[in-house]
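So the structure is just underneath, and the comments pick up after that.
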Amino acid sequence: MGTTKVGSQASGLDQDTGAFSASYYPVRGAETFVEAMYQYQVTPWWQLQPDVQYVFRPGAGVLDPNRPGQTIANETVVGLRTNILF
């Protein structure tokens, strides 16, 4: 689990931009993620490691370029890592 907070100067810039903008402009705040992974030893020389992450407020609440006036929705990230030893 992790979290990050946008600094006050960047948030202030967002507030100022929103005040002078004709459309909705969000103020960035914080982004949080949770992650789960497991490492499985398939053979003595091969490992598989699936990974799942869920991100709350990606980019701390930035605008979605594909949906004007809305922020990027929460996201799920799925990955798989493999290690092969020679």
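Across segment 67-73, rounded Karplus estimates of 3J(HN,Hα) from the backbone phi angles (6.51 cos²θ - 1.76 cosθ + 1.60, θ = phi - 60°) give 9, x, x, 10, 8, 5, 6 Hz, Gly and Pro being marked x.
Could you calculate the contour length gain from residue 80 to residue 17, that is, 0.36 nm times the residue separation minus the distance between their Cα atoms, to one decimal place in nm?
Result for the pair: 18.7 nm of gain on full extension.
Per residue of the chain, the DSSP helices (runs of n ≥ 4 H) give a summed -39500 (n - 2.57) that works out to -4500 deg cm²/dmol at 222 nm. Pick the calculated P(r) over Cα pairs in 5 Å bins from 0, in percent for this structure from [x] 3, 13, 24, 23, 14, 11, 8, 4, 1; [y] 3, 13, 16, 16, 13, 10, 8, 7, 6, 4, 3, 1, 0; [z] 3, 10, 15, 19, 15, 11, 9, 7, 5, 3, 2, 0? Among [x] 3, 13, 24, 23, 14, 11, 8, 4, 1; [y] 3, 13, 16, 16, 13, 10, 8, 7, 6, 4, 3, 1, 0; [z] 3, 10, 15, 19, 15, 11, 9, 7, 5, 3, 2, 0, the one derived from this structure is [y].
Angle of helix 8-19 to the longest C-alpha principal axis of the chain, folded into 0 to 90 degrees and rounded to 10: 50°.
Note on the chain: with a GNM built from Cα contacts shorter than 10 Å, the maximum mean-square fluctuation among 18, 59, 29 falls on 18.
Near residue 62, the amide H atoms lying under 5 Å from its own belong to 72; only residues 5 or more places off or on other chains count, and H is placed 1.01 Å from N. Accessible area per residue was computed with a 1.4 Å probe on protein heavy atoms; residue 16 scores about 90 Å².
A simple rule links phi to the HN-Hα coupling: the Karplus curve 6.51 cos²θ - 1.76 cosθ + 1.60 with θ = phi - 60°, which for segment 81-86 gives 10, 10, 10, 10, 9, 9 Hz, with x for Gly and Pro.
Here the relative contact order of the chain, from alpha carbon pairs under 8 Å that lie six or more residues apart, stands at 27 percent.
The values are calculated or read from the model by the stated rules, or taken from the named source; none is laboratory data. Treat the numbers as computed from the prediction; the structure is a model and nothing was measured. Surface accessibility is based on the protein's heavy atoms, side chains included, excluding ligands, DNA and RNA. Shrake-Rupley method; radii C 1.70, N 1.55, O 1.52, S 1.80 Å.
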